[in-house]
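The next block holds one structure in the form of structure tokens; read it before the comments.
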Amino acid sequence: MLTQVKPVSPEAVEEAARLIRAGDLVGMPTETVYGLGADALNAQAVLKIFAAKGRPADNPLIVHVSALTEIPPLVRAIPEAAARLMEAFWPGPMTLILPKADCIPDAVSAGLDTVGIRLPASEAARMLIRASGRPIAAPSANRSGKPSPTTAQHVFEDMNGRIPLILDDGPCAVGVESSVIDATGDVPVVLRPGGITPEMIRDVCGGVRVDEHVMRPLEEGEIVRSPGMKYRHYAPRAKTVIFEGEAQRVMETICARYDAAEAAGERPAILGFDEHDFGARTRISLGSVRRPQEAAARLFGALRELDARGETVALCEAVEATGIGLAVMNRMGRAAGFDIERV
Ligand code: TXA
Ligand code: MG
């Protein structure tokens, strides 16, 4: 199959919408990461997503809509806390887990009684959903186990030959996937941190819980509330370690580890902030230490770059785990198998 990449235009969106209606897959931009979209109400189309990604069948998909009015047929109820979150943060980088209606195929919900719904801020994403006239099921458009794609080029690397079309809307503004929030109960539970932070949710709902697995790995046999937590994600081939603590000590430790790795014949690289001095050592920038949003926007590209350059050891500076920083540390932590050293 020939995979075309087309900049967003009314014609390209119309072509993508035709593909969605015909039961095909489209690489679609959103403000978080690129998605791999299919008609959410067409089980055959949804199964193609799992095949193209190599995704385990027990990991459910998020259903994207272009307006609040499209939601009632997809769910059995909208609890009070969910309604408040919708009002406050949609359109935006937030997915709400709600009780699913019967029209949602089992392939989408992976057999669960719930469905994740998201109203994205990306104008291009909403244009595509509107033009298709269908809710669009879309996971991140990476092959399973690779970092989520934040450019159309990343999608092409992973999906070339597997899908007919990728809509290119430039780099994603947020850069980490949406916050996934279980909104089936009275108190929202953050299952995956993202652009809508626990602090923001508490301000709107009065309470919030953050699932304990956000910052630690799963133990053998443990039950999870969100199947995505089970899988090793975002893993670069390089052995990845995170260093946290006082900035100067972190820099010194990273430099010492770098030099030792190089002396041992490894190819080390540093994921570090622009303000910090690592001399002439290889550094992939996480942007400014004062603007954690830049680390969010750059992290997945940086992880892909490690592999593209054949680095064998990655030494990462930690980000403060508040605000969007919690999402960055969750993704970086998973890439490192939660190998985090306090120095
Ligand atoms: O920003 C995003 O959310 C992107 C863009 C494309 O919208 N999508 C995305 O989808 O990241 P995906 O499939 O890569 O991640 C969805 C996560 C998975 O961890 C999945 O297990 C969880 O959400 N999830 C989906 N439906 C769920 C449900 N009903 N209950 C619990 N967790 C669910
Ligand atoms: Mg994903």
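Every number here is computed from the coordinates shown, using simple stated rules; none is lab data. Please read all numbers here as calculations on a predicted model, not as lab measurements. Backbone-built Cβ (ideal geometry, glycine too); neighbour counts: all protein chains shown.
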Select from the stretch 26-39 the residues that are in contact with a strand residue (DSSP E or B) (Cβ under 9 Å, 6 or more places away or on another chain) and within 16 Å of ligand 2 (Cβ to nearest atom) and list them in ascending order. Gly27, Met28, Pro29, Thr30, Thr32, Val33, Tyr34, Gly35, Leu36, Gly37, Ala38
When the stretch 90-119 is checked residue by residue, the ones that are touching a residue at least 12 places away in the same chain (Cβ under 8 Å), more than 9 Å from ligand 1 (Cβ to nearest atom) and not in a strand (DSSP E or B) are Trp90, Pro91, Gly92, Ala101, Cys103, Ile104, Pro105, Asp106, Ala107, Gly111, Leu119
Taking Glu311 as meeting all but one of (1) crowded, with 17+ Cβ neighbours inside 10 Å; (2) without any contact (Cβ under 8 Å) to a residue 12 or more places away in the chain, write down the number of the exception. (2)
Condition test on Ala173, is it away from ligand 1 (no atom under 11 Å from the Cβ), in a helix (DSSP H, G or I), over 25 Å from Arg225 (Cα atoms) and of a type in the set (A, V, I, L, M)? no
When restricted to Leu299, Leu303, the only residue touching a Pro at 6+ places or on another chain (Cβ under 6 Å), assigned to a helix (DSSP H, G or I) and surrounded by 18 or more Cβ atoms within 10 Å (Cβ to Cβ) is Leu303
Selection count where residues are of a type outside the set (Lys, Arg), closer than 16 Å to Pro60 by Cα and not in a helix (DSSP H, G or I), scope the stretch 190-236: 6
Filter the stretch 53-86 for residues that are small (Gly, Ala, Ser) and surrounded by 14 or more Cβ atoms within 10 Å (Cβ to Cβ) and give the result. Ser66, Ala81, Ala82
I'd like the residue in the stretch 1-13 that is assigned to a loop (DSSP other than H, G, I, E, B) and over 22 Å from the mean Cα position of the chain (by Cα) and, out of all such residues, is surrounded by the most Cβ atoms within 10 Å (Cβ to Cβ). Thr3
Sort out which residues of the stretch 228-286 are of a type in the set (Ser, Thr, Tyr) and within 30 Å of Ser179 (Cβ to Cβ), and write them in order of number. Tyr231, Tyr234, Thr240, Ser285
With the requirement that a residue be of a type in the set (Gly, Ala, Ser) and either surrounded by 22 or more Cβ atoms within 10 Å (Cβ to Cβ) or part of a loop (DSSP other than H, G, I, E, B) (or both), what does the stretch 14-51 give you? Ala16, Ala22, Gly23, Gly27, Gly35, Gly37, Ala38, Ala40, Ala45
Please tell me if Ala83 is more than 16 Å from ligand 2 (Cβ to nearest atom), assigned to a loop (DSSP other than H, G, I, E, B), within 30 Å of Asp203 (Cβ to Cβ) and of a type in the set (A, V, I, L, M, F, W, C). no
Could you tell me whether Ile270 is touching a residue at least 12 places away in the same chain (Cβ under 8 Å), among the hydrophobic types (A, V, I, L, M, F, W, C), farther than 23 Å from Pro198 by Cβ and not in a helix (DSSP H, G or I)? yes
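A quick yes/no check of all residues on (1) under 23 Å from Leu112 (Cβ atoms); (2) in contact (Cβ under 8 Å) with a residue 40 or more places away in the chain:
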| site | (1), (2) |
| --- | --- |
| Lys146 | no, yes |
| Ser179 | yes, yes |
| Val189 | yes, no |
| Gly194 | yes, yes |
| Ile201 | yes, yes |
| Gly206 | no, no |
| Ala235 | no, yes |
Within the stretch 120-144, take every residue that is outside any helix (DSSP H, G or I) and over 18 Å from the mean Cα position of the chain (by Cα) and give me the one that is farthest from ligand 1 (Cβ to nearest atom). Gly133
Among (1) within 15 Å of ligand 2 (Cβ to nearest atom); (2) touching a helix residue (DSSP H, G or I) at 6+ places or on another chain (Cβ under 7 Å); (3) more than 26 Å from Ala296 (Cβ to Cβ), which single condition is Phe50 missing? (2)
Would you confirm whether or not the stretch 180-189 contains a residue that is assigned to a helix (DSSP H, G or I) and among the hydrophobic types (A, V, I, L, M, F, W, C)? no
